[in-house]
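All remarks here apply to the structure that follows.
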Amino acid sequence: MAEPKGNDLMERIVSLCKRKGFVFQSSEIYGGINGFWDYGPLGAELKRNVKDYWWRSMTQRRDDVAGLDATIIMHPKIWEASGHTTTFADPMVDCLLTQKRFRADQIDPQSGVAYHFTGAGEGAPAPADPSKTCDEPYAVLMLPGKSLQLVRKTAWTFYRQRGLIDPRLLGERTETVENSTRFNPENGSLLTEPRLFNLMFKTYVGPVESAENVAYLRPETAQAIFAQFKNVAEVARQKVPFGICQIGKAFRNEINPRNFTFRSREFEQMELEFFIRPDEVIEALYGSVARPEAGGHPGRPQANWGWQMWHKYWVEERLAFYEAIGLPRASLVEYWQKPEELAHYARATVDILYKFPFSKRNDAGELTGEELEGVAARGDFDLSQHQRFSGKAMTVFDEELKAAWPKLDDAKKAALSGRYLEARRQYLVKMNEPPQSADKLAARDAAGLASGFYVPHVIEPSAGVDRLALALICNAYCEDEAPDEKGKLEKRIVMRFHPRVAPLKVAIFPLLKNRPELVQKALEIRDLLRPLMTVFYDDTGAIGRRYRRQDEAGTPFGVTVDFDTLGEKGDELKNTVTLRERDTMKQSRVRIEELPALLLERIR
RNA sequence: GCGAGCGUAGCUCAGCCUGGUAGAGCAUCACGUUGCCAACGUGAGUGUCGAGGGUUCGAAUCCCUUCGCUCGCUCCA
């Protein structure tokens, strides 16, 4: 089986997506719109299957997770509390010489002498157009160890890029600068004025476009879960540990959408926030905290699990999920973020990567993979932020804790209380709470703990639906060879979707369409199966062609009605059909009345 | 956002350099044929050559602008 490699392969996958109706470019008839994609008939079914399976396995098949479906536009304060309003709006600057882009707040401050120029004119020799000038002011900082000659050379290059053949520098003057971030530390060139990059989509609530009506399309679904935490906790009659999950659209003004649907500006997320007791509480209740020892799945949740155990549990659960919909373990990478890569609120994050055809290769030549999901241990950061910004308590009352606390000896009480207080204090200080008030608030939190109140910690598995759909498409795509009717090998394109996510589950064919008895029987079978699964009926062209068509759509099963079905060879074969399997192309004879149960078994 | 490349039928692509009424293969549809893996016959349809502007008697072809795609940089909290 010859597997095509690299972007060549990706191009063929993209082409198939369009040809068969998995993915279309959004607004294509108007020339498309960058970063937005539509799903055609097959893609829509695929995505629906992915979401349905996630929802079923996350909430319906568990008793400790409840669902939520929140709005896309929420109170703007949510994004202040979450940090998105500030972190999603980075000021950016470009080098005027090399066009290289920097984040303005990450430039090393430079000191020294800056040389300013008011412009340049065309100099000797033999200017093509002597009247040509450039009025654009420019400046270069003389970097340590560099010469004035080099500074002028830099300016010369700059004006040359502006269209002068042999620039003559005009209006040179010097300026002493201290700790300036206006120059490129690499070459001394002046940078552009900082421009704000807001990665959130902005809109207005109400018809008036005024500053107080500004709102944002959510850049992630998670914050709605935190904002509704108290409501859901109450009505779902759940106690920590429990989770709230949600599927929904999110929007990010990506600077540069890339790689087909992988990085889109409008996308869908499947997120779970799983709330757990802080480790101090576990220790108060059980004397110690269970932590992961061996690798692999830690098994059924236990009451004495600390955050590390829960984190490990969800990583393994999520990996099992991907395997259950047909992504082989070997195509996935479990990447533990290094301490320096962690977001400031995260204690640990595991990225689950899929090796896409467009993924980069490492030194060993292996595909490195792209993120499908991040499983983050976020501590109590999010709920704490919303507690501070909204002024509403995000604590839960834990009866067991209240009962257990008085039974602890004083040393234990002091140790747990002290640890909790210090963690709370550190968080508050980091969030720029003045030291005095941080001490006071942390002491109050520690007192709350002793009477059974605390802000739950959270484990967040957050997955991208569109990325997963793309991974499933890439994983399913396969070019192999199959014999034609003369036994000659021909290229066959097969989408080997797991039957669970395959857009169409079964195709029904009358062997010939000009025999009304065959057609009628086939339509009966279609009607028999249609209430149970997605069914595709096709009576055009030769039977082999129809099989191949369904191979490209990824339909796992084909059912063919022939003359034996009608009883031509006697009662033994009457009301039996050919069941053809996509991957093996093997055929078997099956009784019609057994079809529903047989197929349902295989597509669950 | 910057740099490079690309954009012609549903898909893959030729034609562009050197301007002169737009092509191939596959796919699609109809009819006939067809007894299980892309068979065959006959017929049909499809493009404002990504869009806009310019040069020209005449532009898919040359020039400019713009949009989209790919790659690199940047970004990915």
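List of remarks:
- The C-beta contact set for the range A:560-580 (first residue more than 15 Å from residue A:593 (Cα to Cα), second residue more than 7 Å from RNA strand B (Cβ to nearest atom) and among the aromatic types (Phe, Trp, Tyr), distance under 8 angstrom, 6+ apart or interchain) comprises A:580/A:557.
- Some residue of the range A:496-507 being over 30 Å from residue A:383 (Cβ atoms), free of Cβ contacts under 8 Å to residues at least 60 places away in the same chain, out of contact with any Ser or Thr (no Cβ under 9 Å at 6 or more places or on another chain) and part of a strand (DSSP E or B): no
- Restricting attention to the range A:291-320, the residues being assigned to a helix (DSSP H, G or I) and surrounded by 15 or more Cβ atoms within 10 Å (Cβ to Cβ) number 13.
- Subset of the range A:96-128 that is at pLDDT below 75 and in a strand (DSSP E or B) - its residue that is nearest to RNA strand B (Cβ to nearest atom): A:101
- Residue that is farthest from residue A:491 (Cα to Cα), among those in the range A:20-35 that are more than 21 Å from the chain's Cα centre (by Cα) and at pLDDT 85 or above: A:21
- Every pair of residues 6+ apart whose Cβ atoms lie under 6 Å, when the first sits in the range A:273-290 and is open to solvent by 20 Å² or more (accessible area, probe 1.4 Å) while the second is assigned to a helix (DSSP H, G or I) and among the hydroxyl-bearing types (Ser, Thr, Tyr): A:280/A:420
- Under the condition of being in contact (Cβ under 8 Å) with a residue 12 or more places away in the chain and within 30 Å of residue A:14 (Cβ to Cβ), the residues counted in the range A:581-594 number 4.
- Test: residue in the range A:237-246 that is farther than 23 Å from residue A:66 by Cβ, modelled with pLDDT under 95 and open to solvent by 40 Å² or more (accessible area, probe 1.4 Å): no
- The set of residues in the range A:427-437 being open to solvent by 70 Å² or more (accessible area, probe 1.4 Å) and not in a helix (DSSP H, G or I) consists of A:432, A:434.
- Selection within the range A:344-383 - within 12 Å of RNA strand B (Cβ to nearest atom), among the small types (Gly, Ala, Ser) and touching a helix residue (DSSP H, G or I) at 6+ places or on another chain (Cβ under 9 Å): A:346, A:376
- Top-ranked residue in the range A:540-565 [being more than 8 Å from RNA strand B (Cβ to nearest atom) and under 14 Å from residue A:518 (Cβ atoms); ranked as surrounded by the most Cβ atoms within 10 Å (Cβ to Cβ)]: A:559
The values are calculated or read from the model by the stated rules, or taken from the named source; none is laboratory data. Please read all numbers here as calculations on a predicted model, not as lab measurements. Every residue, glycine among them, receives a Cβ derived from its backbone with ideal geometry; neighbour counts consider all protein chains shown. In case anyone asks, the SASA skips ligands and DNA or RNA and just uses the protein heavy atoms, side chains included. Shrake-Rupley method; radii C 1.70, N 1.55, O 1.52, S 1.80 Å.
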